[in-house]
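Report on one structure; see the data block that follows.
The values are calculated or read from the model by the stated rules, or taken from the named source; none is laboratory data. Since this is a predicted model, take the numbers as computed values, not measurements. Note: ideal-geometry Cβ built from the backbone for every residue, glycine included; neighbour counts use all protein chains shown. Surface areas here come from the heavy atoms of the whole protein model, side chains and all, with no ligands, DNA or RNA. Shrake-Rupley method; radii C 1.70, N 1.55, O 1.52, S 1.80 Å.
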Amino acid sequence: MRIGVVTFPGSLDDRDAVRAVRIAGGTPVSLWHDDADIKGVDAVVLPGGFSYGDYLRCGAIARFSPVMNEIIRLAGPPDQVSSGLPVLGICNGFQVLTESHLLPGALVRNEKQQFICRDQKLRIERTSTAWTNGYAEGQEIVIPLKNGEGGFIADESTLDRLEGEGRVVARYLDVNPNGSRRDIAGISNASGTVVGLMPHPEHATEAGYGPEANNGTDGLAFFTSALQGVLSA
Amino acid sequence: MGRVVIDVMPKPEILDPQGKAVVGALARLGFAEFAGARQGKRFELEFEGEVDQAVLDRAREAAQTLLSNPVIEDVVAVRAASDPE
C-alpha cells in the first residue's frame, strides 16, 4: 500500500509523515511539489510546515504547485459522494486543502496571536473517513498541536452544514487553543476521502516519542485507517 | 512602466487579531482616540506599458485568484498607481 507524502519548499513534517506511514505498515512514497506525477500512489499526505515560507497566506502558493493541481484533480469535487483520491492535510497541509477549496472555510491567525505548541486532547467525531475509520466514534486522543495560524473559521451556514452532514472529524477538548469556531480541529469532504486536521498525528505514532498519554501512539490510527480504507476499496 | 495597486482587506465579519493587537498598542502609546484598527495588504503589480481597463480587469482576476482568499478577504480596490489615492 503506497502513500505519497508531498514535500514543498518549507515543509517540516514530511519526514515524520513518511515515518508514520512506515510504522503503520504502509510504503511511503516521497512526492515533490514541482512534479505533477504522483507516482500512482493510493493516498496522499500533505504535511505540516511553512510551505513557501507562508508567504502571501499559509498554503496559498503551495495550492498552485504542479503536484497540487494533480491532487486536486484526482481528489474530485468536494461535494461529490463517490470517492476520489484520499488526502490527509495536517496543519499546513490543512491550510493547503482550504486554499485549494477541497475543504471549506479557512485557517487564520490564532485568536491570541501566539504560536502554540502543546499536547492536545481531541474527540474523534467522524469515523467514516479514509483516515479515521480505525478510531471509535467519540474516542478521545492526545496528539501534539503546534501552529500559529490554526483558527478554523467559516460562515455560520457553512458551519451548520458541516455539522449537519457530520463532517466535523475532530474537535478540541478541554482547551480551544486557537479560537477555532465550534472547537473544530478537523473536517472532511462529503465522501470522507479528504480530511484536514490542525494537530499532528504523525508525531504520535511510536511508543516513547509522542505525548505521555497512551504511550504517545494516539495518532497512529490515522495512518492505519488509510491502509484499511485502501484495502477495502 | 505602469503599475497597478491592489488593496486586500479581511472581511468585516472576520475577527482580525492583528488589527486588534495594533489598536491595543496604539492605546498604550497614547493614541487612544483610535477605537479600532484593521490590517490589510497592498500589492503593487508592474506592467510594461500603459495601464488601461483591460489591464485592470486582468489585475482584478489575479487578485481574486491568488492575491486574496475569498473566504476571508475582499479585494477592496484595483487601480492604476497614478490615480489619486
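Structural remarks
- For the pair A:ARG15 and A:ASP37, label points projected 7 Å from Cα toward Cβ lie 2.6 nm apart.
- Calculated accessible area for the protein assembly as shown comes out at 45 Å² per residue, all protein chains present (probe 1.4 Å; ligands, DNA, RNA ignored).
- Cα-based helix-to-principal-axis angle, B:53-62 vs chain B, degrees rounded to 10: 50 degrees
- The portion of the accessible surface of chain A made up by carbon and sulfur, rounded to a whole percent, is 48 (1.4 Å probe; DNA, RNA and ligands excluded).
- Solvent-free Debye scattering, log10 I(q)/I(0), computed from the Cα coordinates of region A:126-187 at q = 0.12, 0.19, 0.26 Å⁻¹: -0.30, -0.77, -1.25
- Net lengthening on full extension, A:GLU140/A:ARG182 (0.36 nm per residue, minus Cα-Cα): 13.4 nm
- Cα-based helix-to-principal-axis angle, B:17-28 vs chain B, degrees rounded to 10: 50 degrees
- Of the residues in region B:50-77, those shielded by at least 20 Å² of accessible area once partner protein chains are present, compared with the chain alone at a 1.4 Å probe, are B:THR65, B:LEU66, B:ASN69, B:VAL71, B:ILE72.
- Diffusion coefficient of region A:139-233 by Stokes-Einstein, Kirkwood radius over Cα pairs, 4 °C, 1.567 mPa s: 90 µm²/s.
- Cβ-defined net charge surrounding A:ALA20, 14 Å radius [Lys, Arg +1; Asp, Glu -1]: -3
- Shown is the FRET efficiency for B:MET1 and B:LEU26, computed with R0 = 30 Å from the Cβ-Cβ distance and rounded to the nearest 0.05: 0.25.
- Spherically averaged projected area of chain A from its Cα convex hull (nm²): 10.9 nm²
- Net charge in the neighbourhood of A:ALA190 (other residues with Cβ under 11 Å of its Cβ; Lys, Arg +1, Asp, Glu -1) is 0.
- Intensity falloff of region A:1-87 expressed as log10 I(q)/I(0), Debye formula with alpha-carbon point scatterers, at q = 0.21 Å⁻¹: -1.00
- Isotropically averaged projected area of region A:43-83, using the convex hull of Cα atoms (one quarter of hull area), nm²: 3.4 nm²
- Considering only the protein assembly as shown, percent of DSSP beta bridges that pair antiparallel, nearest 5: 70 percent
- Minimum 20 Å² accessible area buried by the other protein chains, region B:1-42 residues, probe 1.4 Å, relative to alone: B:ILE14, B:LEU15, B:PRO17, B:GLN18, B:LYS41
- Charge tally in the Cβ shell below 11 Å around B:PHE43, where Lys, Arg are +1 and Asp, Glu are -1, B:PHE43 excluded: 0
- For region A:39-125, Kirkwood radius (reciprocal of mean inverse C-alpha pair distance, Å): 14.1 Å
- Magnitude of the charge dipole for region A:113-197, about its Cα centre and with charges confined to Cβ atoms of Lys, Arg (+1) and Asp, Glu (-1), is about 200 debye.
- Here the accessible area of chain B is 55 percent carbon and sulfur, with a 1.4 angstrom probe and all protein chains present.
- According to the calculation over all Cα-Cα pairs in chain B, the P(r) per 5 Å bin from zero is 3, 14, 21, 17, 14, 12, 10, 6, 3, 0 %.
- Value of relative contact order over chain A, rounded to a whole percent, pairs C-alpha under 8 Å and six or more apart: 21 percent
- With R₀ fixed at 45 Å, the C-beta to C-beta distance from A:TYR209 to B:ASP57 puts the FRET efficiency at about 0.25.
- Between B:GLN18 and A:ASN69, the C-beta separation translates, for a Förster distance of 25 Å, into a calculated FRET efficiency of about 0.20.
- Top positive-direction residue, dipole computed over region A:36-167 with Cβ charges, set A:PRO66, A:GLY84, A:CYS117: A:CYS117
- Measuring between their Cα centroids, region A:53-67 and region A:139-156 lie 20 Å from each other.
- Cα-Cα over 25 Å, subset of A:LYS112/B:LYS41; A:LYS112/B:LYS11; B:LYS20/B:LYS41; A:LYS121/B:LYS41: A:LYS121/B:LYS41
- Stokes-Einstein D in µm²/s, Kirkwood radius over Cα pairs - region A:96-199 at 4 °C with 1.567 mPa s viscosity: 96 µm²/s
- Chains B and A together, accessible area buried on both sides, 1.4 angstrom probe, square angstrom: 1200 Å²
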